[in-house]
Amino acid sequence: MAAGMTASGVVHLVRPQSYDWMIPPELGAARPWVLGSGVAELVTAGLLAVPATRRAGGWAAVAVLVGVLPAHAQTLRVFRRSPAKLAVAAARIPFQVPMVQAALRVARGR
C-alpha cells in the first residue's frame, strides 16, 4: 500500500496535468487539488512505511481513498458520451472498496 501511494503521489506532483481534468469544476481550480492530493499520498505512504505510525497511515489511506471519489465521479461525467471510456471509468470505482478495506485493516492493526 505504501508503494502504491508513493508512486501515485509522485505522479501527481511530476505530471499534475494528467489529473487536472478529473477534478470536478465545482471544486474550483484543479491544480491545488491535484498537488494537495499528491502530497497527501506521499505523507500517507510515509506513515504506512514506519511501524510506529502504520495505524495512523491506515486511517490516512482511508481518508485519501474516500477523498478521491469525487474525481472518480467526475470521470463518469466526462466520459458519459463515450461508452468504452465510460465502462473503464465505471469499472475503476468498485476497486476502491477492497483498497479501503485493506486500509481499514491496517488502521485497526489487523
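What follows is calculated from the coordinates using simple rules that are stated; it is not laboratory data. Please read these numbers as outputs of a predicted model, since none were measured by experiment. Cβ atoms come from the backbone with ideal geometry, glycine included; neighbour counts cover every protein chain shown.
Axis angle, to the nearest 10 degrees, between helix 69-78 and the longest C-alpha principal axis of the chain: 20 degrees.
Working from label points 7 Å from Cα in the Cα-to-Cβ sense, the ARG31 to VAL43 distance is 2.1 nm. Electrostatic bookkeeping for ALA103 treats Lys and Arg as +1 and Asp and Glu as -1; over the other residues with beta carbon under 14 Å from its beta carbon, the sum is +4. Taking the 0 to 90 degree range and rounding to the nearest ten, how far is the long axis of helix 54-67 tilted relative to the main principal axis of the chain, both from C-alpha atoms? Taking the Cα atoms of the chain, the angle to 54-67 is about 10 degrees. Dimensions of the stretch 47-92 based on its C-alpha atoms, expressed as ranges along the principal axes with the largest first, amount to 47, 15, 9 Å. Compared with the dominant Cα axis of the chain, that is its longest principal axis, helix 2-14 is turned about 50°. Once the C-beta distance of ALA87 and SER18 is scaled by a Förster radius of 22 Å, the resulting FRET efficiency is 0.60 to the nearest 0.05.
Compare LEU42, LEU86, LEU76 in a GNM of the chain, Cα atoms joined below 10 Å, and give the one with the largest fluctuation. Comparing LEU42, LEU86, LEU76 in the GNM, the peak value goes to LEU86.
For ALA49, neighbours were defined as the other residues whose beta-carbon sits under 15 Å from its Cβ, and their charges (Lys and Arg +1, Asp and Glu -1) total +1.
Summary of the geometry: the stretch 53-110 and the stretch 1-28, compared by the centres of their Cα atoms, lie 13 Å apart.
Put +1 on the Cβ of every Lys and Arg and -1 on every Asp and Glu Cβ in the chain; which of LEU27, LEU47, VAL100 then has its Cα farthest towards the positive end of the dipole? Value computed over the given set: VAL100. Only DSSP H runs of four or more residues enter the estimate; each adds -39500 (n - 2.57), and after division by the residues of the chain the mean residue ellipticity at 222 nm equals -23500 deg cm²/dmol. With Cα atoms as the point set, the radius of gyration and Dmax of the chain evaluate to 14.5, 47 Å. Annotation: extensible slack from ALA56 through ARG108 equals 17.8 nm (criterion: 0.36 nm per residue apart, minus Cα-Cα distance).
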